[in-house]
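J.: Can you read through this structure? Questions will come right after.
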Amino acid sequence: MRLVTAVIKPFKLDEVKDALKAIGVTGMTATEVRGFGRQGGHTETYRGAEYKIDFVPKVRLELVVDDAQVDEVVDTIASTAATDKIGDGKIWVTAVDRIVRIRTGEEGSAAI
Amino acid sequence: MGLDTGDTAWVLISAALVLFMTPGLALFYGGMVRSKHVLGMLMQNIFAMGIISVLWSAVGYSLAFGGSGRFIGDFSLAFLNGADGITGTIPTMAFVAFQMMFAVITPALITGATADRLKFASYAVLIAAWALLVYFPVARWVWNSNGWIFQMGALDFAGGAAIHINAGIAALAVVLVIGNRIGHGSEPMPPHNLPTTILGTGILWFGWMGFNAGSALAANGVAAQAVVNTHLAAAAGMLGWLIAERKQAGHATTLGAASGAVAGLVAITPCAGFVGGASPLIIGAVAGALCYLALGIKARLKLDDSLDVIAVHLVGGIIGTVLLGLFADTGVNDGGADGLFYGGGVELLVDQVIAAVSVLIYSFVVTYVIAKVIDRTMGLRVDSNDERAGLDQSQHSESAYQA
């Protein structure tokens, strides 16, 4: 089992969710986050005073998947979330030691 | 002249319209502060509706409109005893109500400059003392027929000097005493909710119809002219600000549209029932553009006038009060005077400048002393931990928005 974490542009969330559902993913968690990378921030102006906004809004998507499906999930997120502009985000994969479905007590692949 | 029911109805409605401006001002300012201070700002504004109304009925009306003194009234009408006659063509009680709402909103204007750092109890003492020692006397000077500015012949239809210059310069005095917000100039403090500010702008604009046209104290041609002037000055003020902003900063902003409209409204306030034709457009546009440019004043002074009370109210008030000396037209209101452009010579212009400067100096000095005394005794500013935590938590033990 692997945890796939993706930080994407907020307006891409629904598109990515639909694409993942289409390849059989049954659940995920999305969190509104702020961050900056190469995109940096932007400036906003209030009554003539410029403010540098360093942290820009992003969505962090987390889902645990079977080893066999990891590459397909990562590729799907990557192709769906892409706008080809700076700031599209990142995806990374980490190992998961244990997973439990709280309601039934099921563990491993059955709990995904 | 007997009692006129139409006049009475309009002034009573106007009193309600002006009352509505104070919560409007609260939202206008509240949207511009950071979210941890928004209740602190709203509270300071609506609290004025509480404390100033009580003070007004107890002694304020009497000090402003009782007796025969040139500088201050007396206590003959304390608790509104004896205020049951007729003033002009309306019940004196209608005039009491209408003027009460002016007294309420004027100290509330100051809160924009002192945002995010006043201790609540000290603020309560500050505006009570300010009403007693600054607003009630100045209202006397300007609006009571015994008042020295009134007798000099200076005009102030709805409060360019008595309200906007008065509160604007008072804001400067209080900021000089309390200092700048922690992080001012080094960390961003963007408005937390501009839609709220726009809602507040709409309420202010709406209420200003009563503020200015109600000051005719009659439902007549002057009141109708004041409604049109008020609206046109707000419209032209918005355009003036946006043009200046677009040229200088590159974008026409939502906050700029709101601020420009308010600047136009401020400037037309002293002029509303005394000018006509294209004058409200000129006054509004000049105010919009100049108030935008006046934003630079606080940067130059390194002064944290947080929400630009100086640029909008002080500068806007001065513009309106002085321009009235040029644009006043007895063809619009024969109870007024003619300005320089309408064949009246420089006499009115000089009177207007004297009125503006007198209110400015008196208000600055007395406000500074009041603020200093409160600061030395009970402390006017919250401590740094309370300021960082936000006024909502530290002063009121509340949060505006639950996570």
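The values are calculated or read from the model by the stated rules, or taken from the named source; none is laboratory data. Note that the coordinates shown come from a computational prediction; the quantities given were computed from them, not determined experimentally. Here Cβ is always computed from backbone atoms with ideal geometry, including for glycine, and neighbour counts include all displayed protein chains.
J.: Within segment B:230-252, can one find any residue that is within 14 Å of chain A (Cβ to nearest Cβ), touching a strand residue (DSSP E or B) at 6+ places or on another chain (Cβ under 9 Å) and part of a loop (DSSP other than H, G, I, E, B)?
T.: Yes, segment B:230-252 contains at least one residue that is within 14 Å of chain A (Cβ to nearest Cβ), touching a strand residue (DSSP E or B) at 6+ places or on another chain (Cβ under 9 Å) and part of a loop (DSSP other than H, G, I, E, B).
J.: Any residue in segment A:24-38 that is buried (at least 16 other Cβ atoms within 10 Å of the Cβ), within 14 Å of chain B (Cβ to nearest Cβ) and either closer than 30 Å to B:I243 by Cα or not hydroxyl-bearing (S, T, Y) (or both)?
T.: no
J.: May I pose another question? Could you list, in sequence order, all residues of segment A:40-52 that are touching an Asp or Glu at 6+ places or on another chain (Cβ under 6 Å) and in a strand (DSSP E or B)?
T.: A:T43, A:Y51
J.: Please report, ordered by residue number, the helices (runs of 4 or more DSSP H) entirely within segment B:316-403 with at least 3 residues that are at pLDDT 95 or above and crowded, with 23+ Cβ neighbours inside 10 Å.
T.: So the answer is B:347-377.
J.: Please verify whether B:W208 is crowded, with 24+ Cβ neighbours inside 10 Å, within 14 Å of chain A (Cβ to nearest Cβ), part of a helix (DSSP H, G or I) and aromatic (F, W, Y), treating the condition exactly as stated.
T.: no
J.: Read through the list (1) crowded, with 21+ Cβ neighbours inside 10 Å; (2) farther than 30 Å from B:P195 by Cβ; (3) more than 19 Å from the chain's Cα centre (by Cα), then give the number of the only condition that B:L55 fails.
T.: Of everything listed in (1) crowded, with 21+ Cβ neighbours inside 10 Å; (2) farther than 30 Å from B:P195 by Cβ; (3) more than 19 Å from the chain's Cα centre (by Cα), B:L55 misses just condition (3).
J.: Moving to a separate point now. Determine which member of the set B:V125, B:V134, B:V138 is β-branched (V, I, T) and either in contact with a His (Cβ under 9 Å, 6 or more places away or on another chain) or surrounded by fewer than 24 Cβ atoms within 10 Å (Cβ to Cβ) (or both).
T.: Exactly one of B:V125, B:V134, B:V138 is β-branched (V, I, T) and either in contact with a His (Cβ under 9 Å, 6 or more places away or on another chain) or surrounded by fewer than 24 Cβ atoms within 10 Å (Cβ to Cβ) (or both), namely B:V125.
J.: Can you find even one residue in segment B:62-78 that is part of a helix (DSSP H, G or I) and over 23 Å from the mean Cα position of the chain (by Cα)?
T.: Yes.
J.: Considering each of B:L290, B:L307, B:L303 in turn, give the residue that is assigned to a helix (DSSP H, G or I) and not β-branched (V, I, T).
T.: B:L290
J.: Applying the selection to segment B:79-125, what residues are in a loop (DSSP other than H, G, I, E, B), closer than 26 Å to B:S145 by Cα and touching a helix residue (DSSP H, G or I) at 6+ places or on another chain (Cβ under 7 Å)?
T.: Taking segment B:79-125 as the starting set, the residues that turn out to be in a loop (DSSP other than H, G, I, E, B) are B:81-85, B:88-89, B:111-117, B:119.
Pick out the ones that are also closer than 26 Å to B:S145 by Cα and you get B:81-85, B:88-89.
B:A83, B:D84, B:G85, B:T89 - these are the residues of segment B:79-125 that are in a loop (DSSP other than H, G, I, E, B), closer than 26 Å to B:S145 by Cα and touching a helix residue (DSSP H, G or I) at 6+ places or on another chain (Cβ under 7 Å).
J.: Something else now. Within segment A:1-12, is even one residue away from every other protein chain (no Cβ under 14 Å), exposed (fewer than 11 other Cβ atoms within 10 Å of the Cβ) and touching an Asp or Glu at 6+ places or on another chain (Cβ under 9 Å)?
T.: no
J.: Can you find a residue that is among the hydroxyl-bearing types (S, T, Y), away from chain A (no Cβ under 14 Å) and more than 19 Å from the chain's Cα centre (by Cα) anywhere in segment B:262-281?
T.: Yes, that holds for at least one residue.
J.: Please state which one of A:K21, A:K17 is more than 14 Å from chain B (Cβ to nearest Cβ), assigned to a helix (DSSP H, G or I) and exposed (fewer than 15 other Cβ atoms within 10 Å of the Cβ).
T.: Checking each option against the conditions leaves just A:K21.
J.: Follow-up question, since we're still on this one. Output the number of the condition that B:H184 fails; it satisfies all remaining conditions of (1) in contact with a helix residue (DSSP H, G or I) (Cβ under 8 Å, 6 or more places away or on another chain); (2) over 26 Å from B:G276 (Cα atoms); (3) within 14 Å of another protein chain (Cβ to nearest Cβ).
T.: Only one criterion in (1) in contact with a helix residue (DSSP H, G or I) (Cβ under 8 Å, 6 or more places away or on another chain); (2) over 26 Å from B:G276 (Cα atoms); (3) within 14 Å of another protein chain (Cβ to nearest Cβ) is unmet by B:H184, namely (1).
J.: Could you list, ordered by first residue, the pairs with Cβ atoms under 7 Å in which the first is in segment B:245-268 and under 15 Å from B:L199 (Cβ atoms) and the second is modelled with pLDDT under 95, at least 6 apart or interchain?
T.: If the second residue must be modelled with pLDDT under 95, the pairs left are B:L255/A:Y46; B:L255/A:R47; B:S259/A:R47.
J.: Could you go through segment A:36-45 and let me know if any residue there is of a type in the set (D, E) and either touching a residue at least 60 places away in the same chain (Cβ under 8 Å) or more than 30 Å from B:S259 (Cα to Cα) (or both). Before the answer, list the steps.
T.: In the first step, residues of segment A:36-45 are kept if they are of a type in the set (D, E); the result is A:44.
Applying the additional criterion that residues be either touching a residue at least 60 places away in the same chain (Cβ under 8 Å) or more than 30 Å from B:S259 (Cα to Cα) (or both) yields none.
There is no residue in segment A:36-45 that is of a type in the set (D, E) and either touching a residue at least 60 places away in the same chain (Cβ under 8 Å) or more than 30 Å from B:S259 (Cα to Cα) (or both).
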